[in-house]
Amino acid sequence: TALHKITGAGFVDAKQWQSWWKAASRDIEIPTKSDSSGAAPPRGTGAAYWDMPIYSTRLTFVVDTSGSMNKPFGTGDTTRLVEAKRQLLSVFERLPKGSSLNVVGFSTDAVEMFDRLQPLSARRRKAAGSFVEELVGKGPTNVFASLESAFADPAVDTIFLLTDGRPSSGSVADVATLAKLARLWNAGRLVRIHTISLGEASELLKQLAADSGGVYRVAR
């Protein structure tokens, strides 16, 4: 917000700010007093996920596909997994040109749509939709594998993690240890982890979001 107010620019990507600074640093005048009145928020992408505005264009969506995702969502006649798919497909339709993304589904193991972030061309939008539609709910909940996979890509700066249960499998299933590992993986990277817990509150998801400056939501 401070950068937006000082410069009038609304970049949300660190590389964009750095490129702009190379050209503008000699002429910019830094205010001597702090004044946040009337400051406009950064421009978003126009897309939202579970009612959370999306500001980044380098995203990985991590989606639980364990067996418990076949449970009903809310009081309707749809399942948690079907609703998760609907939310993702809506994002794919609204993300702007130039966005790069990946999707990681996880149950027993993590399955990546791409091996790294890919620019969202028309062809890849279609491929992403097909990947999501084919996700099936079965198996345990290996959160460790999903986070490890998401952090393996050095280009990602925002992770959306959705799950409906406690970790139940994988190399690490302890909540406190998982949160510590995420902090270690994120050291020096400043990746934001936004989390969505389906059905009930999650201490792990709450901690992951708090540690990274992300948003934590419970959806029932």
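Observations
- All other residues whose Cβ lies under 10 angstrom from that of Y49 are scored, Lys and Arg at +1 and Asp and Glu at -1, for a net of +1.
- Where (1) 0.93; (2) 1.00; (3) 0.96 are the candidate values, the label of the one calculated here for Rg/Rh (Cα atoms, Kirkwood Rh) is (2).
- If R0 is taken as 41 Å, the Cβ-Cβ distance between R125 and E200 corresponds to a FRET efficiency of 0.80.
- Placing K15, K85 in order of accessible area, with the largest value first and a 1.4 Å probe, yields K15, K85.
- Largest-first ordering by accessible area, 1.4 Å probe, given options S168, S202: S168, S202
- GNM result for the chain, Cα springs below 10 Å: residue of D153, D115, D27 fluctuating most strongly: D27
- Taking every Cα-Cα distance in the range 122-191 and sorting them into 10 Å bins from zero, the calculated P(r) comes out as 17, 43, 31, 9, 0 percent.
- Per-peptide average of other Cβ atoms within 10 Å, ordering 119-131, 102-114 highest first: 102-114, 119-131
- Listed residues G139, G170, G76, most fluctuating in the chain (Gaussian network, C-alpha, under 10 Å): G76
- Annotation for the range 146-211 versus the range 53-110: alpha-carbon center distance of 15 Å.
- In this Cβ point-charge picture (+1 for Lys and Arg, -1 for Asp and Glu), the range 143-186 has a dipole of about 160 debye about its Cα centre.
- Stretching the chain fully between K71 and S90 yields a gain of 4.7 nm (0.36 nm per residue, less the alpha carbon separation).
- E200 accessible area, assembled protein chains, probe 1.4 Å, Å²: 100 Å²
- Compared with the direct C-alpha span, the chain from A210 to K97 gains 37.7 nm at full extension, assuming 0.36 nm per residue.
- In this structure, the amide hydrogen of V62, modeled 1.01 Å from its nitrogen in the peptide plane, lies closer than 5 angstrom to those of V104, F160, L161, L162, counting only residues at least 5 positions away or on a different chain.
The values are calculated or read from the model by the stated rules, or taken from the named source; none is laboratory data. If you're wondering where the values come from, they're calculated on a predicted model, not measured in any experiment. Using ideal geometry, Cβ is built from the backbone for each residue, glycine included, and neighbour counts are taken over all protein chains shown. Surface areas here come from the heavy atoms of the whole protein model, side chains and all, with no ligands, DNA or RNA. Shrake-Rupley method; radii C 1.70, N 1.55, O 1.52, S 1.80 Å.
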